[in-house]
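The structure appears right after this line, and notes come after that.
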Amino acid sequence: MILLCMIIMRTTLSCTLGPIVWSYMAEIVRPHIISYAVVVNYGGATLVMFLFPIIKEKLKNPGWIFIFNGLMCLLSIGINYVTLIETKDKNEVIIRNDFN
């Protein structure tokens, strides 16, 4: 059962943006801060997991849940567009300078 759950978790992670988040975080975060970044990443995922049933119960109509999730996706796209930088073909010094 544990092996099956691990395979399912690994498969779903590979089919989503999961690997991109971890790769990007390793490029932009300093090594001594990575543990805090991991806590924030898992904390956010846990918060979403616990809040979803509450939001689903409050909104009741599936249409409202779709609208809410769509608005959160648009908000995420906006935040990513403003805050994320391109790291392709850049070394660590250039990336640090881009953030400063």
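Per residue, the solvent-accessible area of the chain (1.4 Å probe, heavy atoms of protein chains only, all protein chains present) comes to 86 Å². Largest GNM mean-square fluctuation among ALA37, ALA26, ALA45, using the chain with Cα springs under 10 Å: ALA45.
Think of the chain as having a plus end and a minus end, set by charges on the Cβ of Lys, Arg, Asp and Glu; of PHE68, ASN80, SER14, PHE68 sits farthest toward the positive end of this dipole. For LYS88, the aspartates and glutamates whose Cα comes closer than 13 Å to its Cα, not counting residues fewer than 8 places off in the same chain, are GLU27, ASP98.
Specify the inter-centroid distance of the range 77-96 and the range 5-19, based on alpha-carbon positions, in whole Å. So the two Cα centres are separated by 25 Å. For the residues ASP89, ASP98, a 1.4 Å probe over the protein chains yields an accessible-area ranking, largest first, of ASP89, ASP98. Whole-Hz Karplus values for the range 60-74 come out as 6, 6, x, x, 5, 5, 4, 5, 4, 5, x, 5, 5, 5, 5 Hz, taken residue by residue from phi with 6.51 cos²θ - 1.76 cosθ + 1.60 and θ = phi - 60°; glycine and proline positions read x.
Loop only per DSSP, at most 14 neighbouring Cβ atoms within 10 Å: give me the GluC sites (Glu not before Pro) in the range 35-100, ordered by residue number.
Those satisfying the criteria are GLU86.
Ignoring ligands, DNA and RNA, what percent of the accessible area of the chain is carbon or sulfur (1.4 Å)?
73
Under a model in which nothing but the beta-carbon of Lys, Arg (+1) and Asp, Glu (-1) is charged, the chain shows a dipole of about 300 debye around its Cα centre. By the helix-only formula, in which each DSSP H run with n ≥ 4 contributes -39500 (n - 2.57) and the sum is divided by residues, the chain has a 222 nm mean residue ellipticity of -26500 deg cm²/dmol.
For the chain, what mean projected area does the convex hull of the alpha carbons give, in nm²?
Projected area, direction-averaged: 8.9 nm².
The values are calculated or read from the model by the stated rules, or taken from the named source; none is laboratory data. Model, not experiment: these values are computed from the prediction. A quick note on method: Cβ atoms are made from the backbone with ideal geometry, for glycine too, and the neighbour counts reach across all protein chains shown. Heads up: the accessible areas ignore ligands, DNA and RNA and are worked out on the full protein's heavy atoms, side chains in. Shrake-Rupley method; radii C 1.70, N 1.55, O 1.52, S 1.80 Å.
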